[in-house]
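Asks: Handing you a structure now.
The values are calculated or read from the model by the stated rules, or taken from the named source; none is laboratory data. Model, not experiment: these values are computed from the prediction. Cβ placement follows ideal geometry from the backbone for every residue including glycine, while neighbour counts extend to all protein chains displayed. For the accessible areas, the whole protein counts, side chains as well, though only heavy atoms, and no ligand, DNA or RNA atoms are used. Shrake-Rupley method; radii C 1.70, N 1.55, O 1.52, S 1.80 Å.
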Amino acid sequence: MSQRIPLAWLQLKHEKMKLFAAVAGVMVSVVLMWMQLGLMKALFASAVVFHGSMNGELVIVHSQYEHLLHSKVFSSRLLYRLRGSPDVSDVFSIYLAPGEWKNPWNGEMRSIQCYGIETDNASLKLPGIEQHLLQLRNTDVFLYDRMARPRFGDVVGAVERREPVELELNRRRMSLAGVVDLGASFGVDGNVLVSHANFLRLFPERKSGEIDVGVVKLMPGISVVSAQKQFQKVLGKEVQVLTVEQFKELELIYWRSATPIGIIFTAGTVVGFFIGFIVVYQILYTDVTNHLPQYATMKAMGFSDGYLYQLVLGQSVQLATMGFIPGSLIAAAMYAGLRKVTQLPLYMEPMRGVFLIFATILMCTFSGMLAVRKLRSADPADVF
Amino acid sequence: MKTDDSKAIITGAGINFSFGQGELRKQILFDVELAIQPGEIVLLTGPSGSGKTTLLTLIAGLRKLQEGRLDVLGHSLHNASQADLLQLRRKIGFIFQAHNLLPYLTALQNVQVMFDLQPDVTIKEGRERATRMLQQVGLGERMNYHVSRLSGGQKQRVAIARALVGRPELVLADEPTAALDGTSGREVVNLLQSLAREQKRPILMVTHDVRVLDIADRIIEMQDGHLTASSRGSSSAENHPAKGVQNEPDIANVTL
Ligand SMILES: Nc1ncnc2c1ncn2[C@@H]1O[C@H](COP(=O)(O)OP(=O)(O)O)[C@@H](O)[C@H]1O
Ligand SMILES: [Mg+2]
């Protein structure tokens with residue numbers, strides 16, 4: 001049966017307050033779902049920015065290495081064994097440790113993640129890093145993380161404004177050689193890159209050659225998986241040879257289990273779904289209840305149950321659409337705001353949008369289908 | 001519409017009907033027998049609670065027939081399926097005590113929506129027919145008014161337009177004047193009568209409004225669930241000679 005008159009819409013529109021409440025309910029739900037899913041993705045993505053920047057295919061860490069904040073050192077001499085391999089193009093070693101940063105403006109001490117990297121070749125694929133490598137060789141200079149949390153002070157701004165600022169890391173006067181983008185994450189508020197020599201100056205307790213991460217760049221065309229197997233055999237049980245993806249996954253596994261973030265944000269998304277579901281259900285249910293005599297009249301006049309179901313479900317789809325669009329716009333604005341404040345990589349990813357469109361329609365259709373059951377109690381025999 | 005005068009559009013015999021179960025079972029209709037011919041305007045009167053509405057809902061296919069035989073517009077209602085009852089109801093124009101219009105629609109939309117039941121009528125044609133129908137009930141000027149802006153009598157006139165626009169084979173009305181004052185009640189009934197006569201549509205109308213009895217071809221009366229009497233209505237050839245009453249009212253059609 002075709003609907004010549006947009007009954008569903010006209011009925012929705014008739015009671016403006018109710019329509020507004022229902023759309024607001026869907027909107028809140030849509031915003032919540034965007035935020036929860038976006039934050040979850042961004043938080044996890046931010047935890048593996050460093051891992052993703054490895055300038056190589058394989059990563060070597062100690063066999064007891066768990067994640068960046070729980071690393072264990074191994075001897076870089078192990079890596080020399082790989083240098084001779086015809087499959088290997090380059091090998092890099094990285095030191096890492098949390099350092100103490102002094103905010104130059106308020107003197108507060110903050111923990112900042114420090115990486116000691118090689119300066120002959122870029123061991124990290126970070127945009128713009130190469131131009132700074134030469135400078136990094138100087139004594140007591142560092143690269144600063146432009147996306148570090150503001151609690152470290154407006155270092156970047158000060159440098160851009162050519163203000164002299166006294167920078168102090170692990171109680172050593174340091175000077176800034178440049179900035180790179182790494183970003184904050186769960187356990188890390190910001191990052192600093194230094195040369196191996198400067199790293200050892202900053203952390204006198206660390207021994208030269210006792211590194212945290214080895215990076216292996218393979219020759220073009222070499223199979224990553226077979227190289228991985230071969231190197232693991234060569235290097236023995238003291239270290240684990242990982243692909244970059246496995247290196248990331250190890251980090252993510254830890255944060256997924258160590259933090260309730262996965263659960264919290266998944267639960268938050270489900271809560272968002274149910275808020276929308278319940279609001280829409282409540283409104284459609286009371287609406288059907290209030291209009292029972294009208295529905296009974298229509299049934300008596302020969303309108304089929306299917307026609308009336310379509311009417312109510314049509315309303316739920318309309319509510320879904322009307323809530324989704326402004327809800328997504330609000331979410332986009334909140335993403336932009338949060339991106340600025342927290343430096344988290346929050347973006348309106350199209351796949352997430354598609355997923356949320358389906359979730360919203362499902363949410364409204366579910367509530368519509370539940371509310372529609374009430375239509376059965378519209379007895380056309382009662383109309384006379 | 002069937003024009004075969006010898007063929008009644010409603011025939012019923014031996015109709016018994018009860019509400020409730022077991023101890024609480026209460027019989028409402030007793031051995032009702034009736035026949036209504038094409039084009040007839042029949043009024044069903046009787047005291048409140050005598051079972052008039054119940055009989056009307058049975059004829060309309062709104063309640064399941066329990067006992068007896070009832071044929072309406074060619075549908076046998078004994079053990080009829082829901083789908084069959086729905087088909088029957090689509091052939092009937094309903095007028096209720098309250099107007100039962102959809103309050104979120106305009107007068108025109110309320111009439112037009114009936115064409116959702118007749119997919120073969122185009123949107124344009126449906127609109128034209130609805131417009132003409134509203135002009136016929138005297139609401140040409142107020143077609144785009146929302147229901148809430150119409151008076152009681154005007155609403156009931158929209159309801160008449162809605163009932164007739166689909167060219168039903170039968171019009172069933174239950175106390176259509178009960179909610180109206182005397183003057184508008186009279187107007188509404190006159191309108192219904194003249195339109196039905198014009199379109200040659202049979203009407204079965206429940207009423208105990210004595211002021212409107214004169215429109216009937218025939219009046220049948222119900223007392224405690226029994227059809228007790230039938231009389232020739234005062235609306236006969238001398239009142240509406242020009243309107244072309246197709247078939248003379250016939251007392252014998254109602255068997256008591
Ligand atoms: N749904 C129902 N359930 C039980 N009893 C009913 C129901 N509808 C009507 N009745 C009873 O049936 C009798 C006849 O009612 P009704 O047909 O509405 O009478 P009328 O239309 O002549 O006033 C009344 O006693 C009424 O109380
Ligand atoms: Mg009644």
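Asks: Can you pull out every residue in the stretch B:216-228 that is at pLDDT below 90 and either surrounded by 24 or more Cβ atoms within 10 Å (Cβ to Cβ) or under 13 Å from B:Val171 (Cβ atoms) (or both)?
Replies: Of the stretch B:216-228, the ones at pLDDT below 90 are B:228.
Residues satisfying the conditions do not exist here.
Asks: For B:Thr11, indicate whether it is within 12 Å of chain A (Cβ to nearest Cβ) and either assigned to a strand (DSSP E or B) or within 16 Å of ligand 2 (Cβ to nearest atom) (or both).
Replies: Values: within 12 Å of chain A (Cβ to nearest Cβ): no; either assigned to a strand (DSSP E or B) or within 16 Å of ligand 2 (Cβ to nearest atom) (or both): yes.
When the stated conditions are applied, B:Thr11 does not pass them.
Asks: Taking the criterion of being in contact with a Ser or Thr (Cβ under 8 Å, 6 or more places away or on another chain) and either free of Cβ contacts under 8 Å to residues at least 60 places away in the same chain or within 14 Å of another protein chain (Cβ to nearest Cβ) (or both), would at least one residue in the stretch A:352-366 satisfy it?
Replies: Yes, some residue in the stretch A:352-366 is in contact with a Ser or Thr (Cβ under 8 Å, 6 or more places away or on another chain) and either free of Cβ contacts under 8 Å to residues at least 60 places away in the same chain or within 14 Å of another protein chain (Cβ to nearest Cβ) (or both).
Asks: Taking the conditions exactly as written (in contact with a His (Cβ under 7 Å, 6 or more places away or on another chain) and not small (Gly, Ala, Ser)), does B:Arg25 satisfy them or not?
Replies: Numbers: in contact with a His (Cβ under 7 Å, 6 or more places away or on another chain): no; not small (Gly, Ala, Ser): yes.
Judged against the criteria, B:Arg25 is not a match.
Asks: Among (1) more than 13 Å from chain A (Cβ to nearest Cβ); (2) within 16 Å of ligand 2 (Cβ to nearest atom); (3) free of Cβ contacts under 8 Å to residues at least 60 places away in the same chain; (4) surrounded by 18 or more Cβ atoms within 10 Å (Cβ to Cβ), where does B:Leu77 come up short?
Replies: Evaluating B:Leu77 over (1) more than 13 Å from chain A (Cβ to nearest Cβ); (2) within 16 Å of ligand 2 (Cβ to nearest atom); (3) free of Cβ contacts under 8 Å to residues at least 60 places away in the same chain; (4) surrounded by 18 or more Cβ atoms within 10 Å (Cβ to Cβ) leaves (2) as the failure.
Asks: Within the stretch B:38-49, does at least one residue satisfy the condition of being within 12 Å of chain A (Cβ to nearest Cβ), open to solvent by 20 Å² or more (accessible area, probe 1.4 Å) and within 13 Å of ligand 2 (Cβ to nearest atom)?
Replies: Checking the stretch B:38-49: not a single residue is within 12 Å of chain A (Cβ to nearest Cβ), open to solvent by 20 Å² or more (accessible area, probe 1.4 Å) and within 13 Å of ligand 2 (Cβ to nearest atom).
Asks: With respect to B:Leu70, determine if the residue is aliphatic (A, V, I, L, M) and either within 15 Å of ligand 1 (Cβ to nearest atom) or within 14 Å of chain A (Cβ to nearest Cβ) (or both).
Replies: no
Asks: Next question, about the same structure. Report whether or not A:Val280 is aliphatic (A, V, I, L, M), open to solvent by less than 30 Å² (accessible area, probe 1.4 Å) and either in contact (Cβ under 8 Å) with a residue 40 or more places away in the chain or not assigned by TED's automatic domain parsing to the domain that holds A:Ala42 (or both).
Replies: Working: aliphatic (A, V, I, L, M): yes; open to solvent by less than 30 Å² (accessible area, probe 1.4 Å): yes; either in contact (Cβ under 8 Å) with a residue 40 or more places away in the chain or not assigned by TED's automatic domain parsing to the domain that holds A:Ala42 (or both): yes.
Yes, satisfied.
Asks: Can you name every one of the helices (runs of 4 or more DSSP H) wholly within the stretch A:214-323 that holds 3 or more residues which are under 25 Å from A:Ala24 (Cβ atoms) and more than 14 Å from every other protein chain (Cβ to nearest Cβ)?
Replies: Numbers: elements: A:224-235, A:244-258, A:261-290, A:292-300.
Of the helices (runs of 4 or more DSSP H) lying wholly inside the stretch A:214-323, those with at least 3 residues that are under 25 Å from A:Ala24 (Cβ atoms) and more than 14 Å from every other protein chain (Cβ to nearest Cβ) span A:261-290.
Asks: Among the candidates B:Leu108, B:Leu88, B:Leu101, B:Leu56, single out the residue that is touching a residue at least 60 places away in the same chain (Cβ under 8 Å), more than 16 Å from ligand 1 (Cβ to nearest atom), within 13 Å of chain A (Cβ to nearest Cβ) and surrounded by 18 or more Cβ atoms within 10 Å (Cβ to Cβ). Break it down stepwise before answering.
Replies: Numbers: B:Leu108 fails: touching a residue at least 60 places away in the same chain (Cβ under 8 Å); B:Leu88 fails: touching a residue at least 60 places away in the same chain (Cβ under 8 Å); B:Leu56 fails: more than 16 Å from ligand 1 (Cβ to nearest atom).
Of B:Leu108, B:Leu88, B:Leu101, B:Leu56, the one residue that is touching a residue at least 60 places away in the same chain (Cβ under 8 Å), more than 16 Å from ligand 1 (Cβ to nearest atom), within 13 Å of chain A (Cβ to nearest Cβ) and surrounded by 18 or more Cβ atoms within 10 Å (Cβ to Cβ) is B:Leu101.
Asks: For residues that are more than 16 Å from ligand 1 (Cβ to nearest atom) and open to solvent by 60 Å² or more (accessible area, probe 1.4 Å), tally how many sit in the stretch A:371-384.
Replies: Filtering the stretch A:371-384 down to residues more than 16 Å from ligand 1 (Cβ to nearest atom) leaves A:371-376.
Retained after the next criterion (residues that are open to solvent by 60 Å² or more (accessible area, probe 1.4 Å)): A:373, A:376.
Residues in the stretch A:371-384 being more than 16 Å from ligand 1 (Cβ to nearest atom) and open to solvent by 60 Å² or more (accessible area, probe 1.4 Å): 2 in total.
Asks: Let me ask something additional. Output the residues belonging to the stretch A:214-253 that are basic (Lys, Arg) and surrounded by 13 or more Cβ atoms within 10 Å (Cβ to Cβ).
Replies: Of the stretch A:214-253, the ones basic (Lys, Arg) are A:217, A:229, A:233, A:237, A:248.
Once the filter is applied, which keeps residues that are basic (Lys, Arg) and surrounded by 13 or more Cβ atoms within 10 Å (Cβ to Cβ), the stretch A:214-253 yields A:Lys217, A:Lys248.
Asks: What is the one condition in (1) in contact with a Leu (Cβ under 8 Å, 6 or more places away or on another chain); (2) at pLDDT below 95; (3) assigned by TED's automatic domain parsing to the domain that holds A:Glu118; (4) surrounded by fewer than 20 Cβ atoms within 10 Å (Cβ to Cβ) that A:Val188 does not satisfy?
Replies: Checking A:Val188 against (1) in contact with a Leu (Cβ under 8 Å, 6 or more places away or on another chain); (2) at pLDDT below 95; (3) assigned by TED's automatic domain parsing to the domain that holds A:Glu118; (4) surrounded by fewer than 20 Cβ atoms within 10 Å (Cβ to Cβ), the one that fails is (4).
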